[in-house]
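Inspection log for the structure reproduced underneath, given as structure tokens.
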Amino acid sequence: MTASKTAAPAANGLITGMGAALVDLFASVSDAELDALGSPKASMSLVDAAQSQAMQAKLDINARRPGGSIANSIAGMAALGAATGFIGKIGDDALGQVFATAFDKADVRFTGAPHADLPTGHCLVLVTPDAERTMHTVLGASVTTCEADIDALLIADTGLLFGEGYLWDSPDARAAFIAAADKVHAQGGKVAFSLADGLCVERHHAEFTALLDSHIDMLLANEAEIEALLGTQNPEAIADGLAAHNVSAAITFGAGGVYVFDAGAHTHIAAQTLTEDEIVDLTGAGDQFAAGFLAEWHRGQTLTAAAQKGVATASAVIRHIGPRPPLD
């Protein structure tokens with residue numbers, strides 16, 4: 001570990017993400033159509049390729065856009081002017097080209113070789129009139145990232161590594177992240193980690209708790225995820241729990257804003273107030289909060305200033321369809 005886990009990382013070096021390389025397939029549906037598909041609103045479920053194709057046959061897919069939580073955040077950081085890279089696995093297919101081309105246009109360093117046999121992972125995103133999204137994910141090649149996929153030159157240029165809890169669902173991806181984190185720490189960099197979702201935390205609670213002590217400098221989560229990890233949503237109790245691990249954090253509470261935590265203290269940053277007409281699609285709000293927050297922290301800004309930027313980027317992305325800022 002570095003000498004101080006709470007100081008901002010050096011301003012030089014790439015921000016490199018490691019996570020699922022997915023393509024999002026968007027379809028607008030009514031609540032009745034969602035019910036007919038048997039999809040609980042706002043849920044995320046894993047399906048196989050055949051199930052996804054069957055659902056797609058009943059829907060009008062209106063957009064195919066690169067996705068994946070960490071990948072979305074990296075795209076947002078690139079749009080903010082940060083130098084970025086990404087480690088993840090796509091398939092050798094048309095959806096893989098959608099994913100790779102977007103990063104190429106955004107100047108994100110992405111050099112991983114496609115998987116020869118598995119398809120690119122994709123997520124069917126069903127958006128209801130209230131802007132809520134329900135997701136059905138085919139993992140495909142996205143869960144096959146391993147240490148062999150780590151570009152040594154990319155890691156050597158990395159000042160901040162950003163990973164997600166879903167990596168722990170794949171032993172090979174988990175090992176790859178730990179190896180990359182060790183290298184980044186050894187060269188004076190920092191490691192940030194998103195808890196991903198509450199069920200993921202429940203699956204890997206002991207491992208994530210140990211990870212806080214061994215590899216994580218900055219934790220990102222929402223209120224449900226931090227409750228799954230620490231057993232509380234109370235800011236004072238969260239501050240105590242994180243201080244025991246010497247970890248800083250940014251925890252989002254939806255319309256309740258954001259709390260940032262450092263050295264046992266916490267600060268609240270209010271959310272922006274938006275009208276119903278301004279909210280188009282909630283997809284990617286958390287991903288783009290992470291983009292703004294980590295980009296500013298990496299530049300050496302205070303946690304409060306970084307959280308304010310995160311609130312702004314999250315508020316911006318939900319004004320249009322899709323989880324990433326437009327390339328233009």
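FYI, it's all coordinate maths here, none of it is from the lab. Quick caveat: nothing in here was measured; it's all calculated off a predicted structure. Counting neighbours? That spans all protein chains shown, and the Cβs are built from the backbone with ideal geometry, glycine included.
Sorted from fewest to most neighbouring beta carbons within 10 Å, what does the list Trp297, Trp168 look like?
Trp168, Trp297
Under Stokes-Einstein, with the Kirkwood radius over Cα pairs standing in for Rh, what whole-number D in µm²/s applies to the chain at 25 °C and 0.890 mPa s?
Diffusion coefficient, whole number: 125 µm²/s.
Using modelled backbone amide H atoms (1.01 Å from N, in-plane), which distant-in-sequence or interchain residues come within less than 5 Å of Gly264's amide H?
Ala243
Determine, for each peptide in 13-21, 40-48, the mean count of other beta carbons within 10 angstrom over its residues, then list the peptides with the highest first.
In decreasing order of mean packing, 13-21, 40-48 become 13-21, 40-48.
Where in the chain are the helices, taken as whole DSSP H runs, whose Cα atoms extend 18 angstrom or more along the long axis and whose Kyte-Doolittle mean reaches at least 0.0?
The qualifying helices are 171-186, 285-298, 303-317.
Please state the relative contact order of the chain as a whole percent: Cα pairs under 8 Å, 6+ residues apart?
Relative contact order of the chain: 20 percent.
Of the DSSP beta bridges with both residues in the chain, give the percent that are antiparallel, rounding to the nearest 5.
The answer is about 35 percent antiparallel.
Determine the sum of side-chain charges near Phe253: Lys and Arg each +1, Asp and Glu each -1, restricted to other residues whose C-beta is under 12 angstrom from that of Phe253.
Surrounding charge for Phe253 is -3.
Which longest uninterrupted range of the chain lacks any GluC sites (Glu not before Pro) assigned by DSSP to a loop state (not H, G, I, E or B) and surrounded by at most 13 other Cβ atoms within 10 Å?
Within the chain, the longest run free of exposed GluC sites (Glu not before Pro) spans 1-275.
Mind listing the phi-derived Karplus ³J(HN,Hα) values for the stretch 109-114, rounded to whole Hz, using 6.51, -1.76 and 1.60 with θ = phi - 60°, and x for any glycine or proline?
Result, ordered by residue: 6, 9, 10, x, 6, x Hz.
Could you work out how far apart the two model spin labels at Asp117 and Ala255 are, taking each label as a point 7 Å from the Cα in the direction of the beta carbon, and quote it in nm?
Using points 7 Å along Cα→Cβ, the separation is 5.0 nm.
Which ³J(HN,Hα) values in Hz, rounded to whole numbers, follow from the phi angles of the stretch 12-28 under the Karplus curve 6.51 cos²θ - 1.76 cosθ + 1.60, where θ = phi - 60° and Gly and Pro get x?
Each residue of the stretch 12-28 in turn: 8, x, 6, 9, 10, x, 10, x, 6, 9, 10, 10, 8, 10, 9, 9, 8 Hz.
Could you pull out every residue, at least 5 positions away or on a different chain, whose amide H is within less than 5 Å of the one on Arg109? Hs are placed 1.01 Å off N in the peptide plane, and Pro or chain starts have none.
Thr84, Gly85, Phe86
On alpha carbon coordinates alone, what is the Rg over Rh value for the stretch 3-153, Rh being the Kirkwood radius?
Across the stretch 3-153, the Cα-based Rg/Rh ratio is 1.03.
What ranking of Ile87, Ile155 emerges when the number of other C-beta atoms within 10 Å of each C-beta is taken as an exposure proxy, fewest first?
Placing the least packed residue first, the sequence is Ile155, Ile87.
Through the Karplus equation 6.51 cos²θ - 1.76 cosθ + 1.60, θ set to phi - 60°, convert the phi angles of the stretch 133-149 into ³J(HN,Hα) values in whole Hz; use x for Gly and Pro.
Those phi angles translate into 10, 10, 10, 10, 10, 9, 6, x, 6, 5, 9, 9, 4, 9, 4, 5, 8 Hz.
With a sphere of radius 15 Å drawn around the Cβ of Ala152, what net charge do the other residues whose Cβ falls strictly inside it have (Lys, Arg +1; Asp, Glu -1)?
-3
Given charges of +1 on the Cβ of Lys and Arg and -1 on the Cβ of Asp and Glu, with all other atoms neutral, how large is the dipole of the chain about its Cα centre, in debye to the nearest 20?
Roughly 680 debye, rounded to the nearest 20.
Quick one: net charge of Ala291's neighbours, Cβ under 14 Å, K/R +1, D/E -1?
Residues near Ala291 contribute 0 overall.
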